[in-house]
Amino acid sequence: MSGLVDALVIVLVAVLVIARQFRATPIDGERRWWLLPAILAVAALREPGVLDAHHDTASALLLGAELLVGLAIGAGWAWTTRIWVEPDGTVWSKSSSASVAVWGVGIGLRAGLFALGAAMGVHQDSSALLLGLAGTLLARAGILARRGRLPGPAVKSVRAYGDGTVRPAGRERV
């Protein structure tokens, strides 16, 4: 894909994900939660410009840092998401206000990595950002799928980090 198409895909996926995060959505442990991140990763890795040919080491380090930031932000986002079980046994999730802070930190860290790469003269393709987004979505979906496997009758509601409301919190398997 061209840089413009990559940028449009990144913006489209980010808008879709951010818009959906504050709506209550059921967690279906049977669905393929890894599929969208896998598609994004394949789209990013099939481009030849993932690493800068003139700055191999620095480019690889920045890409690794982008992936680590993506995974950390996805994990933070998942742990700031409130999960509850309806009486019919359906497990639901909805991001809390702390998720906004996680997204803000993530955007700041990614901007900092881009600025660092630009200061070092490393050409950075949008593929790195696409891989980071794939890592974010993979970590979030994986952790939510794991958290969603709560024992139905034993847990009525689970409190997310940063969720200011008081609810009975059950035990989660970690």
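Listing for the model above:
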{"quantity": "Of the criteria (1) out of contact with any helix residue (DSSP H, G or I) (no Cβ under 7 Å at 6 or more places or on another chain); (2) under 27 Å from LEU4 (Cβ atoms); (3) modelled with pLDDT of 90 or more; (4) buried (at least 21 other Cβ atoms within 10 Å of the Cβ), which one ALA38 fails", "calculated": "(4)"}
{"quantity": "Search result, residues across the stretch 52-67 that are more than 15 Å from SER127 (Cβ to Cβ), of a type in the set (A, V, I, L, M) and in contact (Cβ under 8 Å) with a residue 40 or more places away in the chain", "calculated": "ALA58"}
{"quantity": "Candidates TRP92, TRP84, filtered to the one that is in a strand (DSSP E or B), of a type in the set (A, V, I, L, M, F, W, C) and under 22 Å from PRO37 (Cβ atoms)", "calculated": "TRP92"}
{"quantity": "Subset tally (residues that are buried (at least 20 other Cβ atoms within 10 Å of the Cβ), at pLDDT below 90 and of a type in the set (S, T, N, Q)) for the stretch 49-92", "calculated": "1"}
{"quantity": "Within the stretch 97-115, considering residues that are over 16 Å from ILE18 (Cβ atoms) and in contact (Cβ under 8 Å) with a residue 24 or more places away in the chain, the one surrounded by the fewest Cβ atoms within 10 Å (Cβ to Cβ)", "calculated": "LEU109"}
{"quantity": "Test set (1) over 12 Å from the mean Cα position of the chain (by Cα); (2) in a helix (DSSP H, G or I); (3) surrounded by 13 or more Cβ atoms within 10 Å (Cβ to Cβ) - ALA14 fails condition number", "calculated": "(1)"}
{"quantity": "Options LEU4, LEU16, LEU51, LEU45; residue that is within 28 Å of ARG149 (Cα to Cα) and out of contact with any Pro (no Cβ under 8 Å at 6 or more places or on another chain)", "calculated": "LEU16"}
{"quantity": "Close pairs (9 angstrom Cβ cut-off, 6 or more residues apart or separate chains): open to solvent by 50 Å² or more (accessible area, probe 1.4 Å) in the stretch 116-130, among the basic types (Lys, Arg) and assigned to a helix (DSSP H, G or I) anywhere", "calculated": "LEU129/ARG110"}
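Here's the yes/no breakdown for (1) more than 27 Å from VAL5 (Cα to Cα); (2) in contact with a helix residue (DSSP H, G or I) (Cβ under 9 Å, 6 or more places away or on another chain):
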| site | (1), (2) |
| --- | --- |
| HIS54 | no, no |
| LEU63 | no, yes |
| LEU67 | no, yes |
| ILE73 | no, yes |
| SER95 | yes, yes |
| GLY108 | no, no |
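The values are calculated or read from the model by the stated rules, or taken from the named source; none is laboratory data. Owing to the predicted nature of the structure, the values given are computational and were not obtained by experimental measurement. Quick reminder, even Gly has a Cβ in these numbers, built from the backbone with ideal geometry, and neighbours come from all protein chains shown. The protein model used for the area step is the full one, side chains on, heavy atoms only, and it has no ligands, DNA or RNA in it. Shrake-Rupley method; radii C 1.70, N 1.55, O 1.52, S 1.80 Å.
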